[in-house]
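Colleague: Structure in structure tokens, see below.
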Amino acid sequence: MTANTGDPASKTVPATDDEAAIRALEDRFAMALNAGDIDAIMKNYVRDTSLFVFDVVPRKEYYGADNYRKDWEDFFSHFRGTPKIVITDLGITVGGNVAFSHSFQRITGTDKQGRPVDRMVRVTDCYRKIGGDWLIALEHVSMPVDLATGKAVQSFTTGSGVSRFSHPFSSASISEIP
């Protein structure tokens, strides 16, 4: 089994069983989101109050699995139908019973007003191996910002050199994003 680190300059390197398990977790997460299955999404996170998430949308930070579940319920309420996610440039580092990953995650769909949604975020996940299973214990979701204007960047190039998305918040200042 092999894994690509997400760095286009890197070569494919042998993947550990732990890296493969985390990659499978991220695949399960994407399948659950694409199905609109919040129960299946939450199975990828620690199930107690130790979960911590920084998100790009209000509340912006969540303590505990129950609170973060509410964020997913709210997320899906803004779409007509089920949004879709694609995870790219997934890089994974494992050390004992902890690990972290970084990726780009693109969400597409249609909002309640019938407008297309095409959002790209950067995600860093930190995992703990609990009872032999890897679970997300900390998640940080962010968007690139042009520091000169204070506005979300409309497009950017990922580590793989692929130009990505036009963000619906492109005309908003960071201070204007709810």
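Each reported figure results from applying straightforward, stated rules to the coordinates on display, with no laboratory input. Just so you know, these numbers come straight off a predicted model, no measurement behind them. Heads up, the Cβs are rebuilt from the backbone with ideal geometry, glycines too, and the neighbour counts pull from every protein chain shown.
Colleague: Quick check on the exposure proxy: order E139, E73, E61, E19 from fewest to most C-beta atoms within 10 angstrom.
Modeller: Numbers: E139 20, E73 9, E61 12, E19 23.
Exposure proxy ranking, most exposed first: E73, E61, E139, E19.
Colleague: Take the alpha carbon gyration tensor of the stretch 16-94, find the square roots of its eigenvalues, order them as a ≥ b ≥ c, and report rounded if a/c is under 1.5; if not, report prolate when a/b exceeds b/c, else oblate.
Modeller: Here the stretch 16-94 falls in the oblate category.
Colleague: Same structure again: Give me the net charge of R28's neighbourhood, meaning all other residues with Cβ under 14 Å from the Cβ of R28; Lys, Arg count +1, Asp, Glu -1.
Modeller: -4
Colleague: With the cut-off at 1.5 for a/c, could you classify the stretch 2-144 from its C-alpha gyration tensor as rounded, prolate or oblate?
Modeller: oblate
Colleague: Follow-up. Give the cross-link partners of K151 among the aspartates and glutamates, using a straight C-alpha distance below 15 Å as the criterion and excluding same-chain residues fewer than 8 apart.
Modeller: E176
Colleague: Another question about this same structure. List S77, S101, S50 from most exposed to least, where exposure is judged by having the fewest other Cβ atoms within 10 Å. Mind showing how you got there, number by number?
Modeller: On the way: S77 8, S101 23, S50 13.
By the 10 Å Cβ count, ascending: S77, S50, S101.
Colleague: Among the lysines, which fall within straight-line cross-link reach of K84, defined as a Cα-Cα distance under 16 Å, with same-chain neighbours fewer than 8 residues apart omitted?
Modeller: Those lysines meeting the cut-off are K112.
Colleague: How long is the gain from I130 to R28 if the chain were fully straight, where each residue apart is worth 0.36 nm and the alpha carbon distance is subtracted?
Modeller: The I130-R28 span can extend by a further 35.0 nm.
Colleague: If a/c stays under 1.5 just call it rounded; otherwise compare a/b with b/c (prolate if a/b is bigger, oblate if not). Do that for the stretch 57-97, with a ≥ b ≥ c from the square roots of the Cα gyration tensor eigenvalues.
Modeller: Note, shape of the stretch 57-97 comes out oblate.
Colleague: What list do you get for F104, F54 if you sort them by fewest beta carbons within 10 Å?
Modeller: The order, fewest Cβ neighbours first, is F54, F104.
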